[in-house]
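Contents: one structure, followed by commentary.
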Amino acid sequence: MNIDPDTDIGGGQHRFPVTNQSAIVLARSDDQNVRQRAFETILASYWKPVYKYVRFKWHVDNEDAKDLTQGFFANAFEKNHFANYDAAKASFQTFLRTCLDGFVANERKAGARIKRGGGIEHFQLDFVSAESEFALHAVSSLTPEDYFHREWVRWMFTLALEALRQSCEDTGKKMHFQLFERYDLADDNRENVSYASLAQEFGLDPSVVNNYLAAARRNFRRIILEKLREITATEEEFRNEARSLLGVELK
Amino acid sequence: MKPLSNRQLDHLRQLAAHPDFNSTKYRVIKELGRGGMGTVYLATDGELNREVAIKVLSVPELDDSLRERMIREAQIIAQLEHPGIVPVHDVGTLADGRVFYAMKYVRGSRLDEYAAEAESLKDRLRKFQAVCDAVAFAHAHGVIHRDLKPQNIMIGSFGEVLVLDWGVAKILRQHERPVSLEADTLIKNPGDTTNGTVIGTRNYMSPEQARGEINQLDERSDVYSLGAVLYFLLTDKPPATTRPRTVNPKVSKAAEAICLKAMSLEAPARYSSAAELSSDVGKLLDAEPVAAYQESVVEKVGRWAGKNRFLILLVLAYLVMRIFLILTSRS
């Protein structure tokens, strides 16, 4: 398989590859390097929800789920499956999930783990964190489709947060991210955090806290939409996914 | 990376969904309300230093051509000058592609809030007639509202009636005097609205609108919605299949007939325009016969008596006086 063995989430720098172009469109490129970069983007955006979905829907153990996730993406890259996506028929997310279901069903039928030689690591993926998140957020009342979507949303926001942190570091605005983290990522005790208390804690004027937070939120919004644009093929799909990503209450 | 909890995720989604007006001259102060069509914010116009209401639309299937059309339509609607119409000041697109409209910020009560303060039926009918007049003005300019409901009607501080939210209005045809060059373009391409798209508010939208028959919509669709608003004003309840008089026995048969005619399931059975509906409501207020209701002789006499109560009292007083004088002169 002709793929960079060091492929990780965004390569060795642990950064989400930012192209501002649709990876779904680029997956059809004649240039193999372009195709590979597009594949990396798709892999980075979907591997974790794919792993969790396989665990959730197909009730396989974590070792089999790892193999199936690795195998699915390796097979997709090898056969350039993602180039077959037709935006007129369904969203890419639906397409990917359908391909995944087909792949898992076939593999199970063929006793895949034994046949393919289980445990092959095609890509370096952090399955330990994926497994702990699965244990934390598996809700049996959800349909597999809803579960996949919810976990994809969670993963997209996690990636966007990481990109925001990186962007703040790169531009010398660490405090922006620290304030964002303290205020907007406060989990159970958000009510106890105020702009005034943050201003005191960070030695800033409350208006500066306001400005820094506004800038960080703006940046976060921009990043999440850019990421979405990268993994949608058309403007219509982008808008539909944006609404779905931003506008629906979690189940 | 630490996994996000459901609570954190919900908060971040709301944060990301918040419209980014940074590329515009507006600064959001607070959210005013949220509906199926979008969210309304109170904002400051940074250039003119005044408060405006901004609606950010979240219309499904908003492709490029539909977005462009909505912007063009808003440009035309902004030119409707009537004291009962809150015009669109501005229209634009946010960075994420969502369309927004800036409207005059109206202080006052919504029609549903106004009705809750137990105003008399006659006062309610007067306000309703003013709503019909504003809508009739728009109809005369070839514009239909498509989302008439109590929440989109404001009673201002001076009792004035204002129809809000023309954001999803539709241009039907060219007015005798074109309001803009864009209007010509629109009328030449009447088919560019997506059929099958349901726009409006359940309970208040006409059956054809609920079926998504966008191309079938005309003034009579708004007439249905006006009938639904009248139903609400007569009964204090959202429109339903129950007749108004069953819900509120104080409603007259003529008022009920007007409401039911406006809300006919088939468009041809309704008033042909808001002006016609307004005229019938005016007649009801003046205790004249209404087109929607065929009175019996007894009802005619009763209505005439009610209307001419003062005259009847005068005549009666005169007769009593005459009889008294005759009787006293004989004795």
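The values are calculated or read from the model by the stated rules, or taken from the named source; none is laboratory data. Computed from a prediction, not measured in an experiment: that's the story for all the values here. Methodologically, a virtual Cβ is constructed for each residue, glycine included, from the backbone with ideal geometry; neighbour enumeration extends over all protein chains shown.
Residues being within 9 Å of chain B (Cβ to nearest Cβ), of a type in the set (Lys, Arg) and over 19 Å from A:PHE180 (Cβ atoms): count how many of those fall in the range A:202-251.
Final tally of qualifying residues: 2.
Give the residues of the range B:13-33 that are loosely packed, with under 14 Cβ neighbours inside 10 Å and either in contact with a His (Cβ under 8 Å, 6 or more places away or on another chain) or among the charged types (D, E, K, R) (or both), sorted by residue number.
Listed by number, the residues that qualify are B:ARG27, B:LYS30, B:GLU31.
Where residues in the range A:1-51 are β-branched (Val, Ile, Thr) and within 22 Å of A:ALA87 (Cα to Cα), which of them is modelled with the lowest pLDDT?
If we take residues in the range A:1-51 being β-branched (Val, Ile, Thr) and within 22 Å of A:ALA87 (Cα to Cα), then A:VAL18 is modelled with the lowest pLDDT.
Could you figure out which of (1) surrounded by 16 or more Cβ atoms within 10 Å (Cβ to Cβ); (2) free of Cβ contacts under 8 Å to residues at least 40 places away in the same chain isn't true of A:SER197?
All conditions pass for A:SER197, except number (1).
Which ones in the range A:86-101 are of a type outside the set (A, V, I, L, M, F, W, C) and over 16 Å from A:ARG28 (Cα atoms)? It would help to see each step written out before you state the result.
Just the residues of the range A:86-101 that are of a type outside the set (A, V, I, L, M, F, W, C), to begin with: A:86, A:89, A:91, A:93-94, A:97-98, A:101.
Scanning the range A:86-101 gives A:LYS89, A:SER91, A:GLN93, A:THR94, A:ARG97, A:THR98, A:ASP101.
Which residues, taken from the range B:301-331, are closer than 17 Å to B:ALA255 by Cβ and surrounded by 12 or more Cβ atoms within 10 Å (Cβ to Cβ)?
The initial filter retains those residues of the range B:301-331 that are closer than 17 Å to B:ALA255 by Cβ, namely B:302-303, B:306-307.
Those that are closer than 17 Å to B:ALA255 by Cβ and surrounded by 12 or more Cβ atoms within 10 Å (Cβ to Cβ): B:GLY302, B:ARG303, B:LYS307.
For the range A:122-139, give me the residue count where each residue is part of a helix (DSSP H, G or I) and either surrounded by fewer than 16 Cβ atoms within 10 Å (Cβ to Cβ) or more than 9 Å from chain B (Cβ to nearest Cβ) (or both).
First, the residues of the range A:122-139 that are part of a helix (DSSP H, G or I): A:127-137.
With the extra rule that they be either surrounded by fewer than 16 Cβ atoms within 10 Å (Cβ to Cβ) or more than 9 Å from chain B (Cβ to nearest Cβ) (or both), the set shrinks to A:127-132, A:134-136.
Number of matching residues: 9.
Does B:ILE187 count as modelled with pLDDT of 50 or more and not aromatic (Phe, Trp, Tyr)?
Details: modelled with pLDDT of 50 or more: no; not aromatic (Phe, Trp, Tyr): yes.
Spelling it out, it is not the case that B:ILE187 is modelled with pLDDT of 50 or more and not aromatic (Phe, Trp, Tyr).
For the range A:140-182, which residues satisfy the criterion of being aliphatic (A, V, I, L, M) and within 14 Å of another protein chain (Cβ to nearest Cβ)?
Step one: filter the range A:140-182 for residues aliphatic (A, V, I, L, M), giving A:142, A:153, A:156, A:159-161, A:163-164, A:175, A:179.
Result: A:LEU142, A:VAL153, A:MET156, A:LEU159, A:ALA160, A:LEU161, A:ALA163, A:LEU164, A:LEU179.
Looking only at the range A:183-191, decide whether some residue is among the hydrophobic types (A, V, I, L, M, F, W, C) and part of a helix (DSSP H, G or I). Spell out how you get there, then give the answer.
Keep residues of the range A:183-191 that are among the hydrophobic types (A, V, I, L, M, F, W, C), which gives A:185-186.
Restricting the remaining residues to those that are part of a helix (DSSP H, G or I) gives none.
No, because not a single residue in the range A:183-191 is among the hydrophobic types (A, V, I, L, M, F, W, C) and part of a helix (DSSP H, G or I).
Considering only residues that are part of a helix (DSSP H, G or I) and of a type in the set (Ser, Thr, Tyr), look in the range A:49-108 and name the one that is nearest to A:ARG239 (Cα to Cα). Please lay out each step first, then the result.
Filtering the range A:49-108 for residues part of a helix (DSSP H, G or I) gives A:49-58, A:62-78, A:81-84, A:92-108.
Now restrict to residues that are of a type in the set (Ser, Thr, Tyr): A:51, A:53, A:69, A:94, A:98.
Values: A:TYR51: 26, A:TYR53: 24, A:THR69: 28, A:THR94: 15, A:THR98: 21 Å.
Going through the qualifying residues, I end up with A:THR94.
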